[in-house]
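Q: So that we are looking at the same thing, I have put the structure below in structure tokens.
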Amino acid sequence: MQSWSQIVADVQLNWWLYLSMPFVAALIGYGTKIVAIKMMFQPIEFVGIKPWLGWQGIVPRKAATMASIACDTMTARLIKPEDIFSKLDPDRIAQEVEKPLLAAVEDITREVAAVYSPGLWEAAPEAVKRLIISRIQHESPNIVRAIMIDIKENIDSVFDLKDMVVSNLLRDKPLLNRIFLEAGSGEFRFIRNSGIYFGFIIGVVQAVTWAVTQNPLVMPLFGLFTGWFTDWLALKMVFNPKQPTKYFLGLVEWQGLFLKRRAEVSAEYGRLIAKEIVTPRNIIDAVLKGPLSDRLFTMVQKQVQKLVDEQSGIAKPFVVFAVGSTKYQDMKRLVAEEIIKRLPDTLKHIESYAGDAMAIENTLSTKMVELSAEEFEALLHPAFEQDEWMLIAVGASLGFIVGEMQVVLMEHLARKAPQAQAALSLLMS
């Protein structure tokens, strides 16, 4: 413990070092926050020697869990499959796909007829062929209309919203990072900047403690404390308290920043989800290629076979006789398969209409504001909760290392101090 005169003399001699301590502590606080945020999201894939020697960003590493948590909240409270499809008008969809559908039907009719009844089809006059094709084309919009009605009435049988969301996020981990980073941009900015303010305050205390004790442990311990405490406090202040609360005799009011920015976060989150995940294209792909796509095929097959039978009319017995009952069934199945193959290209024409009609961005943003504080917090908090102790530990470790470097610098300057004093005396004499 130094006396008052010793403290004054040391501060006069090393004033710039004492002045630098709060700024170094602020730099430690800021730097550890940047490292912590980077470690949450980078690298996308594991770098190092598995399983323990290396690192992968917490969000990419826990992508399945985080995507599932976010999706549970989304599908349970924000948006349901029936909400998406209920806004689509089957008549409007039939109208949107009419042109590409008519061309596809003509190609399919010619291909199937040529396969199952080549002689009969080739021998038929062109006028007869056109009549058959035009009759099927005329009824084709009704197929689309009937299929859409069927899908809307049995949406849970053909569309798995959770599987679509999770699959897209797992397939595109940088997108998962973007959702957390952009929706939580204000929170991450606060975390970075808070390190400066909290670190500076701690640095002032550090300078006073060093002046009094001159203990080499002061620097690394304060560095460790700065890295740990500023990480811990910043993370707490982002999500707590959930309601506005007054502190310091009512002089300061604080609410968890994420909850305070609910309207802004809701708008950004809704925009990202609608633009990147729950898009018309992804929905169409999920219906056509997802885990429940075989049920859609059954629906299409049922509607197509019904149309083929109706268009055969009174000629059906003759058609069956000409190609055989087995081939007739195969023919109907082939027509359905060909329509399924062409549906992705055909349905691209409804993406613009579907995007406007479903209004997913507006729906998500509106419903997010209605969430309880706990449900709203669950949208982003998992990114912080998962292994946040690691981030805090890294911050503490970096702070300790910087503190040790300060000690080395202090010792170096202490050795130079007598020489500096002698030079100063010489100049003054």
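Q: So which residues in segment 160-181 are in contact with a Leu (Cβ under 7 Å, 6 or more places away or on another chain) and not in a helix (DSSP H, G or I), if there are any at all?
A: Asp160
Q: Could you tell me whether Met331 is closer than 30 Å to Asn154 by Cβ, aliphatic (A, V, I, L, M), modelled with pLDDT under 70 and assigned to a helix (DSSP H, G or I)?
A: The answer is yes for Met331.
Q: Sticking with this one: Looking at segment 178-201, which of the residues that are modelled with pLDDT of 85 or more and of a type in the set (Val, Ile, Thr) is surrounded by the fewest Cβ atoms within 10 Å (Cβ to Cβ)?
A: Checked segment 178-201; the qualifying residue surrounded by the fewest Cβ atoms within 10 Å (Cβ to Cβ) is Ile201.
Q: Another question about this same structure. Six or more apart or on different chains, Cβ under 6 Å: which pairs go from a residue in segment 55-67 that's in a helix (DSSP H, G or I) to one that's charged (D, E, K, R) and at pLDDT 80 or above? Could you list them?
A: Cβ pairs passing all conditions: Pro60/Lys173; Ala63/Lys173.
Q: Exactly one of (1) assigned to a helix (DSSP H, G or I); (2) under 26 Å from Leu391 (Cβ atoms); (3) in contact (Cβ under 8 Å) with a residue 12 or more places away in the chain is unmet by Lys236. Its number?
A: Condition (3) is where Lys236 drops out.
Q: Can you find a residue that is under 27 Å from Ala373 (Cβ atoms) and either in a helix (DSSP H, G or I) or among the polar types (S, T, N, Q) (or both) anywhere in segment 205-225?
A: So far as segment 205-225 goes, no, none of its residues is under 27 Å from Ala373 (Cβ atoms) and either in a helix (DSSP H, G or I) or among the polar types (S, T, N, Q) (or both).
Q: Also, quick follow-up: Of everything in segment 374-406, what is surrounded by fewer than 18 Cβ atoms within 10 Å (Cβ to Cβ) and assigned to a helix (DSSP H, G or I)? Give them in sequence order.
A: Selection gives Glu374, Glu375, Glu385, Glu388, Trp389, Met390, Ala393, Ser397, Ile401, Glu404, Met405.
Q: Being surrounded by fewer than 21 Cβ atoms within 10 Å (Cβ to Cβ), without any contact (Cβ under 8 Å) to a residue 40 or more places away in the chain and polar (S, T, N, Q), is that true of even one residue in segment 243-258?
A: The answer is yes, given that some residue of segment 243-258 is surrounded by fewer than 21 Cβ atoms within 10 Å (Cβ to Cβ), without any contact (Cβ under 8 Å) to a residue 40 or more places away in the chain and polar (S, T, N, Q).
Q: Only one of these is at pLDDT 75 or above, of a type in the set (Ser, Thr, Tyr) and over 26 Å from His381 (Cβ atoms): Ser117, Ser157, Ser68, Ser140. Name it.
A: None of the other options fit; the residue is Ser157.
Q: Take the residues of segment 334-363 that are of a type in the set (Ser, Thr, Tyr) and under 17 Å from Val144 (Cα atoms): which is modelled with the lowest pLDDT?
A: Selected residue: Thr346.
Q: Please work out if Gln2 is over 21 Å from Phe159 (Cβ atoms) and part of a loop (DSSP other than H, G, I, E, B).
A: yes
Q: Restricting attention to segment 24-41, which residues are farther than 16 Å from Ser194 by Cβ and surrounded by fewer than 17 Cβ atoms within 10 Å (Cβ to Cβ)?
A: Lys38
The values are calculated or read from the model by the stated rules, or taken from the named source; none is laboratory data. Predicted model, so just to flag it, every value in this text is computed and none were measured. Backbone-built Cβ (ideal geometry, glycine too); neighbour counts: all protein chains shown.
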